[in-house]
1. Hey, does the range 90-99 have a residue that's surrounded by 15 or more Cβ atoms within 10 Å (Cβ to Cβ) and over 19 Å from residue 139 (Cβ atoms)?
2. Only residues that are within 25 Å of residue 103 (Cα to Cα), within 15 Å of the chain's Cα centre (by Cα) and not in a helix (DSSP H, G or I): list them for the range 62-81, please.
3. Out of (1) touching a helix residue (DSSP H, G or I) at 6+ places or on another chain (Cβ under 9 Å); (2) among the polar types (S, T, N, Q); (3) closer than 23 Å to residue 154 by Cα; (4) not in a helix (DSSP H, G or I), the odd one out for residue 193 is which?
4. Are there any pairs, at least 6 apart or on different chains, whose C-beta atoms fall under 9 Å, with the first in the range 129-151 and under 14 Å from residue 91 (Cα atoms) and the second of a type in the set (Gly, Ala, Ser) and outside any helix (DSSP H, G or I), and if so, which?
5. Filter the range 141-159 down to the residues that are part of a loop (DSSP other than H, G, I, E, B) and over 13 Å from residue 60 (Cβ atoms), then identify the one that is nearest to the chain's Cα centre (by Cα).
6. Kindly check whether there is at least one residue in the range 198-213 that is in contact with a strand residue (DSSP E or B) (Cβ under 7 Å, 6 or more places away or on another chain) and part of a loop (DSSP other than H, G, I, E, B).
7. Write out, first by first residue and then by second, each pair whose Cβ atoms fall under 8 Å of each other, whose residues are 6+ apart or on separate chains, and whose first residue, in the range 160-188, is under 17 Å from residue 220 (Cα atoms) while the second is in a helix (DSSP H, G or I).
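Read-outs throughout are calculated quantities, based only on the coordinates presented, and are distinct from any laboratory measurement. The structure presented is a predicted model; accordingly, all values stated were derived computationally and were not measured. Glycine gets a Cβ as well: all are built from the backbone with ideal geometry, and neighbour counts include every protein chain shown.
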Amino acid sequence: MDITPVKTPKFIQKAFAYHTWHIPSGEKVIYLTFDDGPTPEITDWTLNTLEAFKAKATFFCIGDNIQKHPNLFKLILEKGHSVGNHTHNHLKGWKTDTQTYIDNTLKAQEIINHNSSDYSKTDQSVLTNKLLFRPPYGKLKPKQSLALHKLNYKTIMWSILSKDWDINISKEDCAKKVISKTQTGDIIVFHDSVKASRNMKYTLPKVLDYFSKKGFKFKRILAQDL
């Protein structure tokens, strides 16, 4: 049974304050993030849905998936969204030695750099935001975290966990919990993956519609804001 809360407790955010969990803002802003893509059909659908609401987001991509679907990765950039590193093989930090973990992250980075080079020339934010990092499962050893920091990565966590991957919760409950817990400056994590698609495809439009009507904007994460 998964007892992980939707809203990340303040004591956890404070204990790991060197990670970014929330981005304070004086305006109504929400940061949507998507992990595990790019995934055919699901990432396409996500991009179209965001565009319908004039929303921007940040996609933490798996290097192996970028390698398999480079055109879909480039479409994320064409639509004006940020991208970040989610390792090459979706490694769980707690079960991986530090050198292997860093090497795997750098392998993903090479693929990200190669497939975003054209956009980095015309949009400086693409260049700076390529060093955004999110650990798969949110699990990272202190030594891994320190090594990434020395490589100038900014580790982005979340304040709202949608749990869209959980087949044991209904899509209605998924949407209800995300909407009820979200506040300005929150970072919400969704997954543009096959496993999460049922709940994510239901919840994302609900979140976009509800908060758009409340006057919120959906922005990509930029390194300069951190």
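1. No, the conditions are met nowhere in the range 90-99.
2. Passing the criteria: only 62.
3. The failed condition is (3).
4. Note: pairs meeting the criteria are 133/84; 134/84.
5. Just the residues of the range 141-159 that are part of a loop (DSSP other than H, G, I, E, B), to begin with: 141, 151-153, 157-159.
Narrowing further to those that are over 13 Å from residue 60 (Cβ atoms): 141, 151-152, 159.
On the way: 141: 19, 151: 20, 152: 18, 159: 12 Å.
The qualifying residue nearest to the chain's Cα centre (by Cα) is 159.
6. No: the range 198-213 contains no residue that is in contact with a strand residue (DSSP E or B) (Cβ under 7 Å, 6 or more places away or on another chain) and part of a loop (DSSP other than H, G, I, E, B).
7. Final answer for the pair search is 160/178; 160/181; 182/207; 182/211; 188/178; 188/207.
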